[in-house]
Amino acid sequence: MTEFLQQLVNGLAQGGIYALIALGYTMVYGVLRFINFAQGDVFMLGAFAGFYLGPTILRITGSGPSYLGAALVLIAAMATCGLIGVVIERLCYRPLRSRPRITVLITAIGVSLLLENAGQLVFGADPKSFPELITDRALEFPVSWGSLSALTITLSQVLVVGVTLALLLILRQIVRHTRIGLAMRALSLNPTAAQLCGINLDRVIAFTFGLGSALAGAAGILISIQQPSIDPLMGINAGMKAFVAAVLGGVGNLSGAVLGGMLIGLTEALVVGYLSPTYRDPIVFAVLILILLFRPSGLLGRTEREKV
Amino acid sequence: MSPLNPSSESVLQVSDLTVSYGAIKAINGLSFEVRSGAIVTLVGGNGAGKSTTLRTLSGLLRAQSGRVIFRGETISNLPAHEIVARGLCHVPEGRMIFSNLTVDENLTMGAYLQTNAALRAKDRDYVFSIFPRLKERLRQTAGTLSGGEQQMLAIGRALMGRPKFLLLDEPSLGIAPRLITTIFEKIVEINRTQGITILLVEQNANLALEISSYAYVLETGRIALEGPSQELRSHPQLKATYLGG
């Protein structure tokens, strides 16, 4: 039982990371109907933004790791990645807006490869050790909790899950209760009608990219707090997993992306805990194949017929 | 019911407009004008370029050449959302309501550019006074409305943007005959009470000529015939082609 709960905790912490990245896929798909494969690499850039900005920020906020410093690094990485997302859309995708979707998709793969290789060139291909933003420790549980007290939950896991949930709530508020959120919904439902209501497509699309990329940047910091070794190719695997999560939940559906991310994280943790780490990736991608075969619209997605 | 008596001032001037889809010219050197406060109609058969004209005026399509001047300003190079902001609102063919959203939310979308909540509430009341049916259906998903109600919603949504000028594309399409009469009466009412200029595209030429003061007949992308609607109703050529007589 303790073992099972332990895997659930590990799975949620990892699943939150996937959920944040998957949200970027799903939001961009919602407004533009294509998968931005560079999303995983923006996640990597988030980690490197933390790597380069972290020490400076920690020096300004005082000596050593602190919550304030960690929060500022998180915000700085989100801002950096948001900006990168906007620039990528402006330079790579906007000029192709009226082209066939396959052109944009291939461009996205190109952008992804560009970021991975430019990352190796600029940051170096060898893994870097991420600065310590908070002092991680295992939480102590009272002995009266019985077998639960044997759980190993680290402070960083709690923080990751907490920050993920907070970001999800903020995103939900933005989408449901702000003017730009209203515009995003209108655009995803009917771009022509949205324009005729006075919505500036370019601005809403740029905002969507910025928001999705900022979430990926946050994920980059959160993963690095848990696993402080980062490298320019770390986005490939995480990006693929988050893509599976988005498809599993139903691409275009925000709650679906979160659900998918959590399910993939839990699946991984359970496979690692009860089978073998070797099977982790094959099983996740088998999930992708199964979902595409039997429920291509995903768990929460609506079946949508291609309009002619 | 007759439309508002138009002033002599011209509010929309289209000159020498050409729009192509690939190699095919849908509109070829089109010129016409609409006077302030009028209901003007564009009639013509399938493929004459009526919808293309409206889509170009509202900025959904780009013209290859020519000019559109709205209230003294060239708008043919502006994106669609900026044209809406200038008071030229398009109710597109097929209505294009947000069918997954409620009637209420659709109206909110229409008021996207209206940041003043008090004015938004006022415009909403005005829409309900024109189309009481929308108030009854407020919480209903728009996709479940009847064709006629969806058309009311599409016009209502456009009215939420406080238009000075409405482009109406085939408001009678796919609607029960009983409701067509209602909707056309409402179009005249909107024109008369609010002074909103209307450019109406219709396949049902009889109906369009009845409520409009001036008409243009479009054939293969250019004006084949024009004149006061009253006169065109008895024009022999038009009668034979479009009026079923």
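Computed from the coordinates by the stated procedures, all read-outs in this text should not be read as laboratory data. Source: prediction; values computed, not measured. Note: ideal-geometry Cβ built from the backbone for every residue, glycine included; neighbour counts use all protein chains shown.
Compute the Cα gyration tensor for the range B:1-97, then decide on rounded, prolate or oblate, letting a ≥ b ≥ c be the square roots of its eigenvalues: rounded whenever a/c is under 1.5, prolate when a/b is larger than b/c in the other cases, and oblate in all that remain. All intermediate terms of the calculation are to be shown ahead of the outcome.
Working: a/c = 1.43, a/b = 1.32, b/c = 1.09.
It comes out rounded by the Cα gyration axes.
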request  = Please list, in chain and number order, the residues 5+ apart from B:Ala215 or on another chain whose amide H is under 5 Å from its amide H, with Hs placed from the backbone.
outcome  = B:Thr41, B:Gly227, B:Ser229
request  = Filter the DSSP H helices in chain A by two things, a Kyte-Doolittle mean of at least -0.5 and an axial alpha-carbon span of 20 angstrom or more, and list the hits by number.
outcome  = A:2-32, A:39-61, A:67-88, A:101-123, A:155-177, A:201-226, A:234-249, A:254-270, A:280-294
With at most 16 neighbouring Cβ atoms within 10 Å, loop GluC sites (Glu not before Pro) (DSSP) excluded, longest segment of chain A = A:141-303
note = Residue-ordered couplings for the range B:180-188, obtained by feeding phi - 60° into the Karplus form 6.51 cos²θ - 1.76 cosθ + 1.60 and rounding to whole Hz (Gly and Pro as x), are 4, 4, 4, 5, 5, 5, 5, 4, 5
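Can you tell me how the protein assembly as shown classifies by the Cα gyration tensor, rounded, prolate or oblate, using a/c under 1.5 as the rounded cut? Each step should come with its number before you reach the end.
On the way: a/c = 2.67, a/b = 2.39, b/c = 1.12.
Prolate shape, in that a/c is at least 1.5 and a/b is the bigger ratio.
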key: Averaged over B:91-101, number of beta-carbon atoms from partner chains that fall within 10 Å   = 4
note = the range B:10-241: antiparallel bridges as % of DSSP beta bridges, rounded to 5, reads 55 percent
request  = Taking the Cα centre of chain A as origin, work out the dipole magnitude from +1 charges on Lys and Arg Cβ and -1 charges on Asp and Glu Cβ, in debye rounded to 20.
outcome  = 1240 debye
query = How many partner chain Cβ atoms sit within 10 Å of a residue's Cβ in peptide B:151-161, on average, as a whole number?
reply = 1
ask   = Over the range B:10-241, what is the relative contact order in whole percent, taking alpha-carbon pairs under 8 Å and six or more residues apart?
value = 28 percent
query = What is the Cα centroid distance between the range A:60-130 and the range A:229-286, reported in whole angstrom?
reply = 20 Å
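At a threshold of 8 angstrom on Cα-Cα distance, excluding pairs fewer than six apart, so keeping six or more, what relative contact order does chain A reach in percent?
Rounded, it is 37 percent for chain A.
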Within 10 Å of each Cβ in A:197-207, the average number of Cβ atoms from other chains = 5
query = Of the listed peptides B:189-196, A:184-191, B:208-215, what is their order by residue-averaged count of other C-beta atoms within 10 Å, with the highest listed first?
reply = B:208-215, A:184-191, B:189-196
ask   = Alpha carbon centre of the range B:160-208 versus the range B:92-134: separation in Å?
value = 16 Å
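Looking at the protein assembly as shown, what % of its DSSP beta bridges pair antiparallel, to the nearest 5? Let's see the in-between values first.
Numbers: 26 of 44 bridges.
Close to 60 percent.
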ask   = How many lysine pairs does the protein assembly as shown hold where the Cα atoms are under 26 Å apart and the two sit 8 or more places apart or on different chains?
value = 13
ask   = Taking square-rooted eigenvalues a ≥ b ≥ c of the alpha carbon gyration tensor, is chain B rounded, prolate or oblate, where a/c under 1.5 means rounded and, failing that, a/b exceeding b/c means prolate?
value = prolate
